[in-house]
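Structure record follows, encoded as structure tokens.
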Amino acid sequence: MTITITAFERSPDGGKGLARDTRVRWALEEAGLAYEVRPVSFAAMKEPAHLHLHPFGQIPTYEEGELALFESGAIIFHIASHHPGLLPDDTNARARAVTWIFAALNTVEPPILEIVTAKFQEGDKPWSKERMPLIADRIRQRLNQLSARLGDADWLDGAFSAGDLMMVSVLLRLRPSGILDEFPHLAAYVARGEARPAYQRAFADQQAFNTRPTA
Ligand SMILES: N[C@@H](CCC(=O)N[C@@H](CS)C(=O)NCC(=O)O)C(=O)O
């Protein structure tokens, strides 16, 4: 069955891999699944056809036959649940890997997203600059805790899992800020994720997609 995901017609990051279709592409590559990408413009994202797929008018979405999903977490959990390689077979280890997906999305990503909000939505406010160090400290607090848990292990809980895929994807968004480099274990963890052939393919594909010549 054909799998189709949506992505920005042209990502605002110009192909740095920070848009959330990259994490879905990565999961599909890890699972060895072929997929198609449908570009969506900012205007089309808020129109009824796309809102039917994604109630909040965003990307990524995922379609496979009758199934249509939104939310990168739900999409990756779906892929990982139906294909080998992204979740352990042992029931408890599987539950822990899923916990790391939630931890990445609910506990680590929110303070990181504040940087984007502060820069792009509040950058013109007089208090915006004063807020930045507070955001950076909240991120550092989370990274300290995460780094303490990871220690010098390769992955968060045994073998690489969808939990690592999500955590690395979330941490990658921090790279432009330089904060990640303050945490050598986490920087090495992210580098290990990026070195995976499936990530390399996903990154190259999104980069080619976002730098393709305009028609
Ligand atoms: N929680 C959602 C967030 C989706 C999201 O914020 N997507 C961004 C691109 S990475 C988007 O579509 N932004 C455009 C907009 O919100 O109008 C997920 O993980 O899929």
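Please verify whether segment 115-136 includes one or more residues that are buried (at least 19 other Cβ atoms within 10 Å of the Cβ), touching a Gly at 6+ places or on another chain (Cβ under 9 Å) and among the aliphatic types (A, V, I, L, M). The answer is no, given that none of the residues of segment 115-136 is buried (at least 19 other Cβ atoms within 10 Å of the Cβ), touching a Gly at 6+ places or on another chain (Cβ under 9 Å) and among the aliphatic types (A, V, I, L, M).
Which is surrounded by fewer than 21 Cβ atoms within 10 Å (Cβ to Cβ) and more than 24 Å from S161 (Cα to Cα), of L51, L18? Don't jump to the end; show me each part of the working.
Numbers: L18 fails: more than 24 Å from S161 (Cα to Cα).
Result of the check over L51, L18: L51.
Taking the criterion of being in a strand (DSSP E or B), among the aliphatic types (A, V, I, L, M) and away from the ligand (no atom under 11 Å from the Cβ), the residues of segment 31-70 that qualify are V37, L67, A68.
Table: residues versus (1) among the β-branched types (V, I, T); (2) free of Cβ contacts under 8 Å to residues at least 40 places away in the same chain; (3) over 26 Å from D181 (Cβ atoms).
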residue: D89; (1), (2), (3): no, yes, yes
residue: T117; (1), (2), (3): yes, yes, no
residue: P126; (1), (2), (3): no, yes, yes
residue: N144; (1), (2), (3): no, yes, no
residue: M166; (1), (2), (3): no, no, no
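Note on segment 124-156: among residues that are among the polar types (S, T, N, Q) and over 27 Å from D89 (Cα atoms), the one that is modelled with the lowest pLDDT is S128.
Mind checking whether some residue in segment 75-89 is within 16 Å of the ligand (Cβ to nearest atom), within 30 Å of D137 (Cα to Cα) and part of a loop (DSSP other than H, G, I, E, B)? Write out each step before concluding.
The initial filter retains those residues of segment 75-89 that are within 16 Å of the ligand (Cβ to nearest atom), namely 75-80.
Those still in the list that are within 30 Å of D137 (Cα to Cα) too: 76.
Applying the additional criterion that residues be part of a loop (DSSP other than H, G, I, E, B) yields none.
No, the conditions are met nowhere in segment 75-89.
Going by the structure shown, is P110 surrounded by fewer than 18 Cβ atoms within 10 Å (Cβ to Cβ), modelled with pLDDT of 95 or more, of a type outside the set (V, I, T) and closer than 23 Å to A19 by Cα? Yes; evaluated as a whole, the condition is true for this residue. Candidates are the residues of segment 157-215 that are among the hydroxyl-bearing types (S, T, Y) and at pLDDT below 95; the one that is farthest from A103 (Cα to Cα) is T214.
Which of the following residues is assigned by TED's automatic domain parsing to the domain that holds R149 and of a type in the set (A, V, I, L, M): A103, A27? Walk me through how you get there before you give the answer.
Values: A27 fails: assigned by TED's automatic domain parsing to the domain that holds R149.
A103 is the lone residue from the list that is assigned by TED's automatic domain parsing to the domain that holds R149 and of a type in the set (A, V, I, L, M).
Of all residue pairs spaced 6 or more apart or on separate chains, those with beta-carbon atoms under 7 Å, a first member in segment 28-49 that is in contact (Cβ under 8 Å) with a residue 40 or more places away in the chain and a second member that is among the aliphatic types (A, V, I, L, M) and away from the ligand (no atom under 15 Å from the Cβ) are L28/I3; E29/A198; E30/L86; E30/A198; A31/L86; L33/I3. Among residues of segment 94-108 that are among the aromatic types (F, W, Y), those with a beta-carbon under 8 Å from a residue that is surrounded by fewer than 22 Cβ atoms within 10 Å (Cβ to Cβ) and assigned to a helix (DSSP H, G or I) at least six positions away or on a different chain give the pairs F102/G73.
The values are calculated or read from the model by the stated rules, or taken from the named source; none is laboratory data. Values in this document were obtained by computation on a predicted structure and should not be read as measured data. When we count neighbours, we look across all protein chains shown, and the Cβ atoms used for this are built from the backbone with ideal geometry, even at glycine.
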